[in-house]
1. Provide a single number: the residues in region B:751-782 that are within 7 Å of another protein chain (Cβ to nearest Cβ) and either in a strand (DSSP E or B) or touching a His at 6+ places or on another chain (Cβ under 8 Å) (or both).
2. Taking only region A:127-147 into account, find how many residues are surrounded by 19 or more Cβ atoms within 10 Å (Cβ to Cβ) and touching a Phe, Trp or Tyr at 6+ places or on another chain (Cβ under 9 Å).
3. Counting just the residues of region B:312-358 that are in a loop (DSSP other than H, G, I, E, B) and either open to solvent by 30 Å² or more (accessible area, probe 1.4 Å) or among the hydrophobic types (A, V, I, L, M, F, W, C) (or both), which one comes out nearest to residue B:199 (Cα to Cα)?
4. Going by the conditions given, is residue B:206 outside any loop (DSSP other than H, G, I, E, B), touching a residue at least 12 places away in the same chain (Cβ under 8 Å) and of a type outside the set (Lys, Arg)?
5. How many residues does region B:128-151 contain that are closer than 18 Å to residue B:88 by Cβ, under 49 Å from the mean Cα position of the chain (by Cα) and not in a loop (DSSP other than H, G, I, E, B)?
6. Go through (1) open to solvent by 10 Å² or more (accessible area, probe 1.4 Å); (2) of a type in the set (Gly, Ala, Ser); (3) without any contact (Cβ under 8 Å) to a residue 60 or more places away in the chain for residue A:196 and report which single condition fails.
7. For region B:152-197, how many residues are among the β-branched types (Val, Ile, Thr), in contact with a Ser or Thr (Cβ under 8 Å, 6 or more places away or on another chain) and either part of a loop (DSSP other than H, G, I, E, B) or open to solvent by 50 Å² or more (accessible area, probe 1.4 Å) (or both)?
8. Can you tell me which condition residue B:59 does not meet? The list is (1) over 21 Å from residue B:844 (Cβ atoms); (2) within 53 Å of the chain's Cα centre (by Cα), and all the others hold.
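The values are calculated or read from the model by the stated rules, or taken from the named source; none is laboratory data. Because the structure is a prediction, the values reported are computed rather than measured. Glycine gets a Cβ as well: all are built from the backbone with ideal geometry, and neighbour counts include every protein chain shown. For the accessible areas, the whole protein counts, side chains as well, though only heavy atoms, and no ligand, DNA or RNA atoms are used. Shrake-Rupley method; radii C 1.70, N 1.55, O 1.52, S 1.80 Å.
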Amino acid sequence: MKQFLYLKYFFAFIFGAAFFSCEKFIEVDLPTDQLTTQSVFSNDESAVAAIRGLYSEITRNNVYIGHGAMSVYPALSADELNVHTGNPTEIAYVNNGIPVNSFPLLTNLWQKGYFHIYQANAILENLSHSNSISPAVKDQIFGEAKFFRAFFHFYLVNLFGPVPLAMSTDYRDNAVIARSDTTAVYQQIVADLLDAQKLVSINYPTPEKVRVNKFAVTAFLARVYLYLKDWTRAETEAGAVINSNVYKLSTLNNTFLPVSSETILQLLPPITQIWNTSEGFSFLPFSSFASPSYSLTNSLMSAFEPADERKTNWVNSMVINTTTYYYPFKYKVKSVAAGAPKTEYSVVLRMGEQYLIRAEARANLNNLTGAQSDLNLIRNRAGLPNTTANDLGALLLAIQKERQVEFLCEWGHRWFDLKRTGRTDNILGAIKGSNWQPTDAWYPIPQGEMLSNSSLTQNPGY
Amino acid sequence: MKILCVLLTAASLYLPARGISQGITLALQNAPLESFFKVVEQQSNFSFVYSKEAIAESKPVTIEVKNETLEKVLKNVFANQPLSYSINEKFIIIKISGKKKDSLIEIRGKVINEDGEAVPGATVFAQVTNKGISTNERGEFILRDISDDDILVISSVGYYKEEIRVNKETNFLIRLRIAAGTLDETVVIAYGTTTHRLNTGSVFKVSGEEIRKQPVSNILAALQARVPGMVVTQSTGLPGSSVQVQVRGRTALDLSLTDDQPLFVIDGVPYAPNNGYLNTLRSALGVPSTTTGVALPGGLSPFSSISPSDIESIEVLKDADATAIYGSRGANGVILITTKKSKVGKTTFNLNVQGGFSKITRSMDLFSTEQYVDMRYEAFKNDAVTPTRSNAFDLLAWDTTRYTDFKKLLIGETAHFSDVQASVSGGNLNTVFFLGMGYHSETTVFPGDLKDERGTIHVNLNHVTQDQKFRVQLSGNYNVDNNNLISTDLTSYINVPPNLQVYDSSGNLAWNEGGVVTDILNPLALLEQEYSAKTDNLISNLQLSYKPIKGITVRLSAGFNDVSVNESKTVPYSSQNPLQNPVRSASFGLNSFKSWIIEPQAEYERNIFKGKADIIIGGTFQKQTNEVSSLDGSGYVSDDLLGSLNGASSVRGSKSSSQYNYEAIFGRLNYNWENKYLVNLSVRRDGSSKFGPDKQFANFGAAGVAWLFTNEGFFKKNPSFISFGKIRGSYGKTGNDKIANYLYLDTWTPTFNSYQNGSGLAPTRLFNPDYHWEKTTKLEIAVELGFFKDRLLVSAAYYRHQSSNQLVQYKLPTTSGFTSVIRNLPALVQNSGLEFSLSSVNIKMKNFSWTTTANLTIPKNELVSFPGLSISPYALQYVEGQSLNVIYAYKYIGVDAAKGIYKVEDLNKDNIITTADYQVLGNSDPKFFGGLQNTLEYKKIQFDFFFQFVSQVGRTYFSNAINPEGFRYNLPMLTQDHWRKQGDVTTIQRFTQATNQAAYNSWANEFRRSDGVFGDASFIRLKNISLSYTLLNDAQSRTLRLYVAGQNLFTITNYKGGDPETQSYLRMPPLRTISAGIQYTF
């Protein structure tokens, strides 16, 4: 029976080896290319990297909600752009017949918007649990994250109408989230911006104007109040930016350069990419032989007064087969070699808007002279004489017309202005004919989202 | 189906076995006795056994008989001879009369197998003296008092029977050949071997021979339709492309997260890349999924570097009994690949040279330019849109008289392949070796000089000490593969407008004809985008075993596997539209898998009561790492610099690594009661690093039983036409852990771009430590029967696999910040079915034989339960009680004869078409599938042909189409029959040219989501023909063989589309290959 003895030892050895090494053997090294949440928010440096990650993700791709898309799709839906790519997806935006499964609708606008909001929420949640970050850094990052949460909710609510308000990172809540009504979304936007206003510093945290400071928050808040028709607050906030004397209107051709005295917030395009700005890359033609992808509509071109210098400085044209194509020329560089310094930055907020916000607020508050003087600053810069509008109705229309040419193909201003002033049916109905339905003012909720979240409802008309 | 029926009927027509009473017709005049023997051997199943002395004593024969019984003929002939005869089974033994007693001798001998191992317990039987004995532990035997002219018959389970004439010799070394193709053939199973006869589980073996008869370069492709219950699908017909394998149906609800590929084990070592893909860059072979890293269909196959010539056999393990010992990795079956082993014997050289060519098989006929132009104008007319240079540049800016047959241009070439294999093997009783080398080269049907080359080295060494106690075995494979393709499968461009300008007037690649800049790519430009993947693959295994005392073996198996792929891809200036701001770029990728495994084992054999018990116990320690790095350069100043990063103005790189640790203890108890009752119990406890804390360990196990009822006394006493009968069953639990590493961690990853000279961090995924293994509970009951002395073997099995705890990327609305999260879904998927296999020797004569093997599977896949399905994101994808491949869609009811647009059924009659109108409209699972092989041998000629058949519904052309008919794409001829005017009754709607049209909407929102895009995809394919002629086969065992083979020769199908297997006319179909070769062994 000696053999049994051997066997016993052997089995004991194997079982022993397996059991004792169990827990230990299957411990693995962490992935080399990732950090755990805890370690990210354990020191200033990596926490700053987290907020930098938000900026970097916003500018990561061309023609996404935070980087170019707002200058293209709403411009197609409104009366600013024609499309020449033959791309059926884009034609659907011009014809105001966006299919519910439209690819950019979900991917470039909705989804990316909520990704950025998640990222902001993740920073807010983890930062509030962290005690090892210096207060100044913490406040600044906190404020920036709040700013962007408000920023993207603002664009979503203006594109889609009532939208889900995503306030946490818990996917179990966010997956079944319903649409909040517009008022609730705006309440949150205002609350976030007011918080941010308190938290971020007056000075930009880094060189150049590519991170959010107090004036960027204030300027955006002015716009939000304008949209809410809270004229008093709009005037106050815009006034705070204007009276700070930090920014002033620049010459037309300097407006979109990094050195522009006018810009309040710019985004730095990724240095490794060949494009300069998403707008420049999208709007400027490939070559002198081929039509640009998009051209400005006749109605937009006819909105320019003859002497308007913006028509020559911010618009360019080319002739292909006797047809003249006008295209946006605010950004003048289509692409640069990858790695080369960027000569233009994507302008998010600028003084021109603050004057027009204040003009509109003042007009509505019956301060017509004040409104005229703000408006005239913008007109004079473009080489135009003072406005002749001197009653409220005419002045408000003059401000809208000024906004149309001042903000052409810039961040969807025209599309949102038409909607908030209730002029979509009149103006777009006349231009687009039978393609235009009143319900087209709101983009459809993407079908993919409807399928994976049964709490969502569709907008009328889709 | 008709063909199949005929063949099956033919297979069942047995020639009646000819017995002793069969008729002999002959006429001999003074002929030598040996020529009499020859005639009788030709006319009967009997062979004569005799010595030279006996013939020397014989007298000439004169006889003339017609249709006389053998008995009488023999009596007649031997009446005048000084010889006597006796009949023993198939032998007629001739002895010199009256010589018996004075020539009794004692003989000694040893019985070994081909590996030189002693064969204990083999029966040695002396025919003449009618004496027998079994060999001892060391395979030795002594037989006393037997005739010096005796016939020894040596038999042992698992080996072919050997007959040896004693011929006055007294010392014998008898080598038994391992039985093949019979019940006693060795079958490789987990941690050991068994035989078909004694196996309690479901294991199907495909021999290396069977694989090598097919001129295919991927060993997995050679398994197609050969194994019951296993579906093998080639993703494309390009060299190096992946081959998907599914054993007993689909279990994965979410193929982007887990896969239901079986576990691949090569020589006992789990293959590090399993059956994933190897490429990290996009190539013509397929696209790696960017989200999960799990293989999408297509990609570079990890098996493309392995040569079929190095394969000894492939075993497919299916049921719980066979797979539970693989624990968390056995749920989807296990495929054991065994490479060639050495055999004892004289040094043998083998040289095999083969060459052949391939063409595409099925594809669709497309419109001519005239038809295309008509189609486009018709679409504009239908939509009441005026063609302009911007919306109809193909009509107004392009030459509308030009025609290019893009199918011929892009995929119409002939691919060539050549293959050279050389090996040398041999050795003595203690040491044997096998050395093999091979080279394989294969081109494509694309234009240009693209190819896939492979070089392989295979080494196998075996040594056993003189006392047979210590054994060492080393096997090593080193394979190098160089896959030179392009970045995109050109088949996806065969539908470009046929008037697209390919070359301009000066012979350069043409772009933007008529000055209109378009996104339409000149497909020939893709040939400039070179792609190459260089694979290095080392698979090695060392096995040490020691038998300290009788019945105990301790074993250590250690393996190492290193697979690395070096890729590069270039996008030169010339491959891009010069007016669309071309940027030169190049990408480089390195994907490396390293895995080592150590498995200590102990085995104990002992007789307990009347049975034999075999206990094996062991442990597994495995560590696997995967490193992926990639470098992208762009902004080069010259195409010539694309091979390097130095000329790039911008370089981006990434590198990641992951680690997987796995350990287990396992045990198996096998008990065999007199070859009648068999019980097999296996257990395993697994630990894996793939899961979060507290979810890392789990237990698995199974029980298998078998009853060989033909070994019961009552059967032995009353032998019938049933020669073998076994009923077996098994039940057990296995798991599936095929999920990427670290998925439970919520981590932050450096962002794609930096911002202000600093890298950013962004969240990678949601925190989720709760997911766990998938579980599959397997049940199987099978009957295996042999008839007519095992000439006909049939088996039928019923299986039921229930998979639960499904791992899914639970789709989230993007408001959650991510598109999905991993969860174990409380769903139950059941795969059940019937599997039949048959092998039969239809005719067996001296010069002619005909054998048939066939298999048939009738599977059923069912999503048994899915709590909360209706409110889950899968509500529109799956239906309880239906297959996972359910067609849940609108019901297509034809084209509206008045409006000319597609119509689907408004099920709930609410006058709008919504997903509430979805209905169950069948599924795309195969209804049945199988294969049928026939082998005919006549003298030196062997002829094989193999049919594959599948009955299924699949996605047709209508599902492949990117846009509705009328857009700027060429169309297949079958769309000619479409709606043109009011009142037309057709199945294809009117042509349309833009997305803002009603006809587009009806296509995109209704037809595309209806069952109209499905159709019959059943087919019968003559998968393989092989014909070989043995020119030389002499006594020194020199053989020279010539052969030709064909693969995918023809397909009978009603399928509307490209190939019914790949089900896409925009992907390269499997090719038709013809090859010829020569094999010389000396």
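1. 11
2. Taking region A:127-147 as the starting set, the residues that turn out to be surrounded by 19 or more Cβ atoms within 10 Å (Cβ to Cβ) are A:127, A:133, A:138, A:140-147.
Filter once more, so that each one left must be touching a Phe, Trp or Tyr at 6+ places or on another chain (Cβ under 9 Å): A:127, A:133, A:144, A:147.
Number satisfying all stated conditions: 4.
3. Ranking the candidates gives B:331 first.
4. Working: outside any loop (DSSP other than H, G, I, E, B): yes; touching a residue at least 12 places away in the same chain (Cβ under 8 Å): yes; of a type outside the set (Lys, Arg): yes.
In short, yes.
5. 5
6. Among (1) open to solvent by 10 Å² or more (accessible area, probe 1.4 Å); (2) of a type in the set (Gly, Ala, Ser); (3) without any contact (Cβ under 8 Å) to a residue 60 or more places away in the chain, the lone unmet condition for residue A:196 is (1).
7. Final tally of qualifying residues: 4.
8. (2)
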